[in-house]
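What follows is a single structure, written as structure tokens, with notes after it.
The values are calculated or read from the model by the stated rules, or taken from the named source; none is laboratory data. Quantities reported herein were computed from a predicted structural model and do not represent experimental measurements. Here the Cβ positions follow ideal geometry from the backbone for every residue, glycine too, while neighbour counts run over all protein chains shown. Just the protein is used for accessible areas: all its heavy atoms, side chains included, with ligands, DNA and RNA removed. Shrake-Rupley method; radii C 1.70, N 1.55, O 1.52, S 1.80 Å.
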Amino acid sequence: MRTQIGIIGAGPAGLVLAHLLHLEGIDAIVIEDKSRHYIEHRLRAGLLEQGSADLLIETGVGARLQKERMYHKGIYLKFNGRLHRIDFEALVGQGVMIYAQQEVIKDLVAARLEAGLPLYFEAGDVAVSDLKGARPKIRFTHQGKKQEIECDYIAGCDGFHGICRPSIPAGDLQLFDRDYPFAWLGILAEAPQAKEELVYTHSERGFALLTMRTPELSRLYLQCPRHDDIAAWPDERIWEELRARTAGGEGWHLPEGPIVQKGITPMRSFVVEPMQYGRMFLAGDSAHIVPPTGAKGMNLAIADVRVLARALAAFYKSGRSDLLENYSRTVLRRVWKVQRFSWWMTHLTHLYDSDNQFDRRRQLAELDYVTGSRAAALTLAENYVGLPMEWE
Ligand code: FAD
Ligand code: DHB
């Protein structure tokens, strides 16, 4: 087989890239190692920046998103038992929306298959080669048959545990990372929301986040020790902890209901530089991971491939290669700003295992400052709704 762009991974990065390239008249083949059902039901992020949503709408894959999204004009920060609202619309004239990642995936997969464009599921033994040559290759097995694709370029969109990044010689990459002493325990519960917008709560028992999927389905997260086993968290313990952490304020009530899914996700910050090796570009989680506190993982993956699609389009239309050469430098500027914000939101809201009372007082003062100062709230709002795109 032969294609212009071989895309490995059908997550937000790979599928949005394939979609944007198709609109530019550029051929691509997408290779995914999981099944269609698996990727359409994998429970992950839920919050879209306006810019990500606008892109999906403007490029014709946002019809269901427009109908089903839950638009939010702001968020709440809760600490010392009191709610404080950050009004994004008033501060920066934009909001954010809840529309689950697996719904974005369903919309993009449907559009691609309806257009009859190539997307291979359940590909085995995926490998890349000749990355420094003129015709890099992807090899994989599909329905028992060995396949080979010759490409102009490869896009490594295969997430943190994929094969693209490890195919680059270690000496050619610089890794930057930071682990956190905690993880997030996430649940999906058949219960309405306590508030109409997200509530990020800091308490002396740790962090909790109340978010949602539909008016009847809540998504709730709890900070827990990094190596906790989900077996240690029976449903009643989860509700007890959520109740205790979010308590306080007049008329406050946390609605409860059956837990239909639960899991623990470790938290890390990770960046690899550069995000290119020969004719392979890395995009999304294959090149960087952010802690989920800023709700940025999916949005950052989409921002990466917007830059990549534009650079590839310039190359095929006018032979311009400077945008491609600058891809890594361009996207890393955003990546590092988003890393900084996600790290900061994590430090602002989580409880660190420290006896240092100075740090505790400083953290509470920072929460007080962020919710009391227009300048500080503006900084949070500007980052949370999504920084403007930088194209070169
Ligand atoms: P992915 O979505 O990981 O897509 C990569 C794709 O490549 C996958 O479909 C994978 O199956 C496929 N793949 C992997 N290896 C291969 C291979 N060898 N060959 C072919 N295909 C391969 N972000 C938030 O903002 N909020 C959250 O609450 C949140 N929760 C998360 C929970 C979990 C468990 C995880 C893992 C991530 C979470 N994230 C969250 C982050 C967010 O979901 C990611 O940032 C986003 O999915 C990145 O998109 P991507 O396309 O780069 O990678
Ligand atoms: C969601 C996840 C996040 O990490 C976040 O910061 C906000 C919302 C969500 O799953 O809805």
Query raised in the report: What number, in percent, do you get for the relative contact order of the chain if the mean sequence gap of Cα pairs under 8 Å and at least 6 apart is divided by its residue count?
Result: 20
Requested in this report: Using a/c under 1.5 as the rounded threshold, could you call segment 95-223 rounded, prolate or oblate? The axes a ≥ b ≥ c are square roots of the C-alpha gyration tensor eigenvalues, and prolate needs a/b larger than b/c, oblate otherwise.
Outcome: oblate
Requested in this report: At 1.4 Å probe size, with no ligands or nucleic acids counted, give the accessible surface of Tyr120 in Å², nearest ten.
Outcome: 50
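Note down the net charge around Ser129, summing +1 for each Lys or Arg and -1 for each Asp or Glu among other residues with Cβ under 14 Å from its Cβ.
Taking every other residue near Ser129 into account, the sum is +2.
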Report summary line: Bounding extents of the chain in its principal axis frame from Cα atoms, largest first in Å, are 64, 40, 39
Requested in this report: Assuming 1.306 mPa s and 10 °C, estimate D for segment 147-190 with Stokes-Einstein, Rh taken as the Kirkwood radius over Cα pairs, in µm²/s.
Outcome: 108
Query raised in the report: Nearest 10 degrees, 0 to 90: what angle lies between the long axis of helix 235-246 and the longest principal axis of the chain (Cα atoms)?
Result: 70
Requested in this report: Could you tell me, in Å, what Rg and Dmax come out for the Cα atoms of segment 289-340?
Outcome: 12.6, 41
Query raised in the report: Can you pull out the trypsin sites (Lys or Arg not before Pro) in segment 128-200 that DSSP calls coil and that have at most 12 other Cβ atoms within 10 Å?
Result: Lys132
Requested in this report: Give, as ranges by residue number, the residues of segment 260-280 whose backbone N falls under 20 Å from the point 7 Å along Cα→Cβ of Tyr352.
Outcome: 266-271
**Report entry** Between helix 357-372 and the chain: long-axis angle, C-alpha atoms, 0 to 90°, nearest 10
**Finding:** 80
Query raised in the report: Counting only pairs 8 or more places apart or on different chains, how many lysine pairs in the chain have C-alpha atoms closer than 15 Å?
Result: 6
**Report entry** Rounded if a/c under 1.5, otherwise prolate or oblate - segment 302-385, Cα gyration tensor axes
**Finding:** prolate
Requested in this report: Report, in deg cm²/dmol and to the nearest 500, the calculated mean residue ellipticity at 222 nm for the chain, where each DSSP H run with n ≥ 4 adds -39500 (n - 2.57) and the sum is divided by the residue count.
Outcome: -11000 deg cm²/dmol
Query raised in the report: Over segment 150-270, what relative contact order in percent results from Cα pairs under 8 Å that are six or more residues apart?
Result: 35
Requested in this report: Select from Ala208, Ala45, Leu23 the residue farthest towards the positive end of the dipole of the chain; place +1 on Cβ of Lys and Arg, -1 on Cβ of Asp and Glu, and compute about the Cα centre.
Outcome: Leu23
Query raised in the report: What percentage of the solvent-accessible surface of the chain, computed with a 1.4 Å probe over protein heavy atoms, is contributed by carbon and sulfur atoms?
Result: 49
Requested in this report: Could you order His161, His22, His72 so the one with the most accessible surface comes first? Probe is 1.4 Å.
Outcome: His161, His22, His72
Report summary line: Sorted largest first, the C-alpha extents of segment 223-347 along its principal axes in whole angstrom are 61, 33, 27
Report summary line: Quick note, segment 221-279: a/c under 1.5 would make it rounded; otherwise a/b > b/c is prolate and the rest oblate (a ≥ b ≥ c, C-alpha gyration tensor); here it is prolate
Requested in this report: Report, in degrees rounded to the nearest 10, the 0 to 90 angle that the Cα long axis of helix 12-23 makes with the longest principal axis of the chain.
Outcome: 50
Query raised in the report: Per residue, how much accessible area does the chain show when a 1.4 Å probe rolls over the protein heavy atoms, in square angstrom?
Result: 43
Query - Sum of side-chain charges, Lys106 neighbourhood, beta-carbon under 15 Å (Lys, Arg +1; Asp, Glu -1) - result: +3
Report task. Keeping all protein chains in position, work out how much accessible area Leu242 exposes to a 1.4 Å probe, and write it in Å² to the nearest 10. Result -> 0
